[in-house]
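The values are calculated or read from the model by the stated rules, or taken from the named source; none is laboratory data. Everything numeric in this text was worked out from a predicted model, so none of it was measured. Don't worry about glycine lacking a Cβ; one is built from the backbone with ideal geometry, like all the others, and counts go over all protein chains shown.
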């Protein structure tokens with residue numbers, strides 16, 4: 001997978017920095033231990049810590065260590081399939097579902113390891129080679145065409161999770177302004193959103209998401225991906241309504257077989273309230289990554305001006321995706 005257009009020295013430095021960052025989250029000290037001078041370390045650490053490719057490497061390395069050390073990941077069954085491609089729109093519970101797919105019970109039922117792709121994606125997504133066998137690529141924020149161009153084995157399944165784009169815009173706003181880690185381009189977005197009121201901020205964000213091809217990516221999965229026999233489209237709204245039923249449906253499609261006891265344990269470990277310290281779905285915490293966990297929020301947040309601008313920008317997108325006006 002493409003990470004960045006770095007030369008070998010820069011790539012080695014990033015790798016060393018990430019390795020040290022796993023030992024100690026002090027980025028400046030990680031840069032020094034990676035071989036950077038004390039005078040240059042603060043500037044380099046500040047630059048690397050904001051880049052998505054840095055956190056991609058950190059997550060890959062962290063997962064590799066977890067799979068190697070935790071005995072629950074040993075002696076898996078033969079992989080049920082070569083690859084699973086988990087594609088989605090952003091703000092569809094992707095961080096939550098990734099944790100489900102990392103769970104030892106899922107690994108023991110499938111023999112598949114998670115391979116994270118954490119770049120911003122959409123029009124910037126780039127995969128220039130096949131992913132390793134017996135992995136779940138999670139989660140690919142990209143158009144159907146970007147996904148379709150990935151070289152694939154004979155045995156794979158793909159699913160895409162879509163969300164009402166109006167709710168996605170609202171979720172993007174609160175995430176960019178309050179809760180998301182300061183990884184590019186979040187610092188720039190947060191500065192812009194802090195400088196204006198809610199209505200102007202939402203309109204700015206709609207324009208930004210359009211420029212990033214967020215809405216075009218959603219449209220592409222319904223224009224072309226929906227007719228692909230290897231793809232099934234799921235809806236975030238079903239997840240928000242009943243995460244246990246959603247997982248049963250998803251696991252059924254993927255042919256993930258586990259006992260009722262194992263499934264119940266997995267779903268209880270990943271209940272929404274476990275991630276929010278007891279807060280139930282629909283109860284809003286603007287500063288939490290798991291802000292609300294429900295659908296239909298746009299009906300409260302969209303003013304007439306926001307709604308008109310959204311419709312002018314996205315055209316018939318909500319109808320194409322199957323959402324009511």
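Give me the residue from the stretch 214-239 that is without any contact (Cβ under 8 Å) to a residue 12 or more places away in the chain and assigned to a helix (DSSP H, G or I) and, out of that set, surrounded by the most Cβ atoms within 10 Å (Cβ to Cβ).
So the first thing to find is which residues in the stretch 214-239 are without any contact (Cβ under 8 Å) to a residue 12 or more places away in the chain, and the list is 226-227, 229, 238.
Within this subset, residues satisfying the condition of being assigned to a helix (DSSP H, G or I) are 226-227, 238.
Values: 226: 13, 227: 8, 238: 15.
Applying the filter and picking the extreme gives 238.
Looking at (1) part of a helix (DSSP H, G or I); (2) touching a strand residue (DSSP E or B) at 6+ places or on another chain (Cβ under 9 Å); (3) at pLDDT 95 or above, which is the only condition residue 63 fails?
Residue 63 satisfies all of (1) part of a helix (DSSP H, G or I); (2) touching a strand residue (DSSP E or B) at 6+ places or on another chain (Cβ under 9 Å); (3) at pLDDT 95 or above except (3).
Which of the residues spanning the stretch 89-120 are at positive phi and either assigned to a helix (DSSP H, G or I) or touching a residue at least 60 places away in the same chain (Cβ under 8 Å) (or both)? Don't jump to the end; show me each part of the working.
Applying the first criterion (at positive phi) to the stretch 89-120 yields 91, 93, 111.
Correct list: 91, 93.
Could you grab me the full set of residues in the stretch 182-192 that are farther than 15 Å from residue 212 by Cα and either surrounded by 15 or more Cβ atoms within 10 Å (Cβ to Cβ) or touching a residue at least 24 places away in the same chain (Cβ under 8 Å) (or both)?
Going through the stretch 182-192, the residues farther than 15 Å from residue 212 by Cα turn out to be 182-183, 187, 190-192.
Of everything in the stretch 182-192, those that are farther than 15 Å from residue 212 by Cα and either surrounded by 15 or more Cβ atoms within 10 Å (Cβ to Cβ) or touching a residue at least 24 places away in the same chain (Cβ under 8 Å) (or both) turn out to be 182, 183, 187, 190, 192.
Confirm whether residue 162 is touching a strand residue (DSSP E or B) at 6+ places or on another chain (Cβ under 9 Å), buried (at least 20 other Cβ atoms within 10 Å of the Cβ) and more than 28 Å from residue 301 (Cβ to Cβ).
Numbers: touching a strand residue (DSSP E or B) at 6+ places or on another chain (Cβ under 9 Å): yes; buried (at least 20 other Cβ atoms within 10 Å of the Cβ): yes; more than 28 Å from residue 301 (Cβ to Cβ): no.
No; evaluated as a whole, the condition is false for this residue.
Take residue 201 and decide whether it is buried (at least 18 other Cβ atoms within 10 Å of the Cβ) and either on the phi > 0 side of the Ramachandran plot or at pLDDT below 95 (or both). Spell out the reasoning first.
Details: buried (at least 18 other Cβ atoms within 10 Å of the Cβ): yes; either on the phi > 0 side of the Ramachandran plot or at pLDDT below 95 (or both): no.
When the stated conditions are applied, residue 201 does not pass them.
Would you check if there is a residue in the stretch 3-24 being within 23 Å of residue 114 (Cα to Cα), in a loop (DSSP other than H, G, I, E, B) and at pLDDT below 95?
Step one: filter the stretch 3-24 for residues within 23 Å of residue 114 (Cα to Cα), giving 3-4, 11, 14-23.
With in a loop (DSSP other than H, G, I, E, B) added as a condition, the list becomes 3-4.
Subsequent filtering for residues that are at pLDDT below 95 retains 3-4.
The answer is yes; a qualifying residue exists.
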